[in-house]
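Accompanying notes for the structure given below.
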Amino acid sequence: MQNAFLRYEQDVKQWVDAGFPDVNPLTRDYLEHLRRDGAPRKLWKHQQESVYRAIYAYELLQMKNVLLNVVTGGGKTAIIGAIISWLKYCHDIHKFLILCPNTIVRDRLEDDFTDSKVFREFDFFPSGTEHFKNELGLHLLESGSTPQGILESGIVLGNIHQLYQSNINGKRNLAYMMNFVDQLAVFNDEAHNTPAAEYDNTLFALSPKCKFRLDTTATPDRADGKTPDSKMIYEYGIADAQSEVPPIIKSIVVYQPKLSSVQLTYTNPETGEKRTVDEMDKEFEKIEKGLSATQWVTDPDPMRKQIAIALNRLDEQKNRAKSIGNGEYNPILFVVGICIKDAKAAAEMLSLPKEKGGFGVNTVVLTEESSDEDRLLAGIIGKKGKALEEAKKNLSKKLNSEIKAKELIEKGSQLEAVVSVLMLREGWDVPAVTVILLLRKFSSRVYGQQVVGRGLRLNIRGEDAQEFCAIVDHEKLNHQWLWDIVGAKIRKDVDQGNLFGNDDLPPKRKSQIMDKPENIIDIPDPEEDEDADFSDLEDLKVVEGDYPNWQTILNSFEYGSDVEISKVEIESVKGTNLFGDGFTEISDAPNVGKSKTTEEEVPREHIVETLKHTIRDIADILLAEEGIGSHELGYLYNIIMDHVQQKMLEGKSAGLANIESLKHTIRQRHNLFRNFRERPGLVASIVKYRKGK
């Protein structure tokens, strides 16, 4: 996304140095109050810079819609609080709408704005205007809430779907805003979600009432090329945050296994006979082509060994928490899957007692099926001390019961691992996440960075402790592009003498700064068309990703026989620090006992439900990666299910197909997902050229 503020970099610096001339006198007073030395809690430099630029853009450049691109863990909520305080104190705006994409993000924002917490912690309002805090009560837009609270409260917080005109609650809430609110400011958190039709329509409907809109995100550039319609005025990325002293975010170390041997189990599609092949067999290379990349981390044997690597890292992080964190937090393992089946398999392997072949780790699974209680648990885990007491206080209010809150706190304090499908990709802010295990392949720039972001937040602030997050990956997932985006610099052929350990992290990166911003050239738009010769490009073929005949493409998809990675041997584990200077850590292979689990006969109804949930998960992720709203989930689910019936269920519905066909389809889930996602634009075309339209 283009930075619209590059040409003003020097002007803003001079404006700040000169004491904020040419602005509303109240604004100047507010900014001097904001940067005073005696503040109980001061904004970080980049937070101050964000506020300066937002004010400069609004008062001097008359920009109405602006965007801040600030790294996860960079304190976007405090920036929002500072801007709300400025608008109320200096511009007589008294209604503030904070929009977010899901309940996970909403829960976090609710904690920050309940009882004016963020305004009190930073003491944003100048002397004599402290009473403004009392006018910033919070109203939640949620199912069952009455719109009257919109008028009675200064801050309205809601999931964007609570303003969609496609549902009764949304129509009512939006009508209340349009009919009874004079003017307001809109804060659009996780703004990369906005380039969806209904989201855009809602923002457009609110625009006549909106005096100022601030978008915040850590990932403005989406996989589909769409960006929010606001102007980006500040970029503060991973490299910038890592170069601060003390650091703003954790370092990242990526661990990948080095395999010494692989064994595959191949099922003959004609006879049903199972054969085992290894790298020495002639058929190995041919059979290996039937594997999806995700199977390298989700088939039972490799999954078990990836989990063992992750748990080794978790043990190390527990030791670090004691040594550098004084035991103030409990390190957490975060596992990311692609569908509920994979998530449940990982959770079962983690939580089963060791005598039954598991790892004996207390684990919670969070998916679309999860209860409200499990969702609340996700915000508790890993917390200790003051953070835990504050969580207990917030829970008591939400549940209206200290007893229930205490029960949840006790349950959450026992958890060591969270397994998620799609639910926790953004807005889930748990600093105790110190190990991330990837059981899926990412192709989306946005999703990959969002998951990495779950491990960036610091547990220890204000000290130069240099925490790090360990990410367990697999080279077969081909995530090098992701590690490049977040700053990987890998030195090849590093020998054992170049190791680093827990207490010997490599030096931090230096941030990139503009040396001579005054030399930036502003290129004007052309005044008239220019004649140009493009004849040499006539033979160039461009794949536009628009498929009116998408059914033909679906018919061409093939699904081979079942191949399972039945055994892998790991020689060692290589860890690479992404923010360092190419240092590499070589760890021993995990010591994994043999699994004692046996395959039980699963009822037919359970197999059918597993297939349906798997198709739904795949459809949900495909839509999200194309930037299409969940209102199309039912339609795409039916299209994929029809495709599955024709290709793998002999034309029968899931309820009538034989059990072996159902199991085969479930085993082919990753190839099914791969076929759809390897054609960018295919899902969008299925929606655009829908059946019956």
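The values are calculated or read from the model by the stated rules, or taken from the named source; none is laboratory data. Keep in mind that what you see is a predicted model, and the values were worked out from it rather than measured. Every residue, glycine as well, gets a Cβ built from its backbone with ideal geometry; the counts of neighbours run over all protein chains shown. Ligands, DNA and RNA are stripped out before the accessible areas are found, and what is left, the full protein with its side chains, is counted by its heavy atoms. Shrake-Rupley method; radii C 1.70, N 1.55, O 1.52, S 1.80 Å.
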Gap separating the Cα centres of the range 457-476 and the range 207-257, nearest whole Å: 18
Alpha-carbon Rg with Dmax, taken over the range 2-58, Å: 11.7, 37
Computed P(r) (all Cα pairs; the range 110-173; 10 Å bins; percent): 21, 43, 24, 11, 1
Derived scalar couplings ³J(HN,Hα) [the range 374-385; Karplus, 6.51 cos²θ - 1.76 cosθ + 1.60; whole Hz; x for Gly, Pro]: 5, 5, 5, 4, 4, x, 9, 4, x, 8, 9, x
Accessible-area composition of the range 607-670, carbon plus sulfur, in percent [1.4 Å probe]: 50
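Compare the peptides 140-149, 93-102, 390-399 by average per-residue count of other Cβ atoms within 10 angstrom and give them in order, highest first.
Details: 140-149: 14.2, 93-102: 22.1, 390-399: 17.0.
Highest mean packing first, the order is 93-102, 390-399, 140-149.
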Three-way shape label, the range 322-474, alpha-carbon gyration tensor, a/c 1.5: rounded
Efficiency of FRET between Glu660 and Lys211 - r from beta-carbon atoms, R0 56 angstrom, step 0.05: 0.35
Farthest positive-ward along the range 118-238 dipole, Cα basis, beta-carbon charges - from Val186, Ala175, Thr146: Ala175
Whole-Hz ³J(HN,Hα) from phi, Karplus 6.51 cos²θ - 1.76 cosθ + 1.60, for the range 471-479, glycine and proline x: 10, 8, 10, 9, 4, 5, 7, 6, 9
Point-to-point label distance, Phe557-Gln646, nm (Cα→Cβ direction, 7 Å offset): 1.1
Cross-link partners of Lys392 among lysines (Cα-Cα below 18 Å; sequence separation of 8 or more within a chain): Lys117, Lys383, Lys384, Lys404, Lys406, Lys411
Charge dipole (the chain, unit charges on Cβ, about Cα centre) - positive-most of Met349, His479, Trp428: Met349
For the range 277-381, size of Cβ-based charge dipole, Lys and Arg +1, Asp and Glu -1, in debye: 380
Per-residue HN-Hα couplings for the range 406-412 [Karplus 6.51, -1.76, 1.60; θ = phi - 60°; Hz; x = Gly/Pro]: 5, 4, 5, 4, 5, 5, x
Mean Cβ count within 10 Å, highest first, over the residues of peptides 343-352, 17-26: 343-352, 17-26
For the range 14-111, the fraction of alpha-carbon pairs in successive 5 Å shells from zero, as %: 2, 11, 22, 25, 21, 12, 5, 2, 0
Distance between modelled label sites at Met178 and Ala465, nm, 7 Å Cα→Cβ extension: 5.0
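Assign unit charges at the C-beta atoms only (+1 for Lys and Arg, -1 for Asp and Glu), then state the dipole size of the range 1-153 relative to its Cα centre in Debye, rounded to the nearest 20.
Numbers: 18 positive and 21 negative charges, 67 e Å.
That gives the range 1-153 a dipole magnitude of about 320 debye.
So what's Rg/Rh here for the range 236-377, counting alpha carbon atoms and using the Kirkwood radius for Rh? Write out the running numbers ahead of the final one.
Details: Rg = 19.8 Å, Rh = 18.7 Å.
On the Cα set of the range 236-377, Rg over Rh gives 1.06.
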Average accessible area per residue (Å²) across the range 220-304 - probe 1.4 Å, nucleic acids and ligands excluded: 47
Residues Glu609 and Arg275, FRET efficiency given R0 of 41 Å [Cβ-Cβ distance, rounded to 0.05]: 0.85
Helix-derived mean residue ellipticity, 222 nm - over the chain, DSSP H n ≥ 4, -39500 (n - 2.57), to 500: -11500 deg cm²/dmol
The range 345-485 - percent of accessible surface contributed by carbon and sulfur, probe 1.4 Å: 46
Gap separating the Cα centres of the range 604-620 and the range 300-318, nearest whole Å: 28
Cut-off under 5 Å, modelled amide H: who pairs with Ser572 long-range: Lys258
Additional length obtainable on full extension of the chain from Asp546 to Glu355, 0.36 nm per residue less Cα span: 63.4 nm
Cα-only radius of gyration and Dmax that characterise the range 246-293, units Å: 18.5, 64
Amide H contacts of Leu366 (H built 1.01 Å from N, under 5 Å, at least 5 apart or other chain): Val419, Ser420, Val421
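Rounded to the nearest 20 Debye, what is the dipole magnitude of the chain about its Cα centre when Lys and Arg each give +1 and Asp and Glu each give -1 at the C-beta?
About 2040 debye.
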Volume of the Cα convex hull of the chain, divided per residue and given in Å³: 207
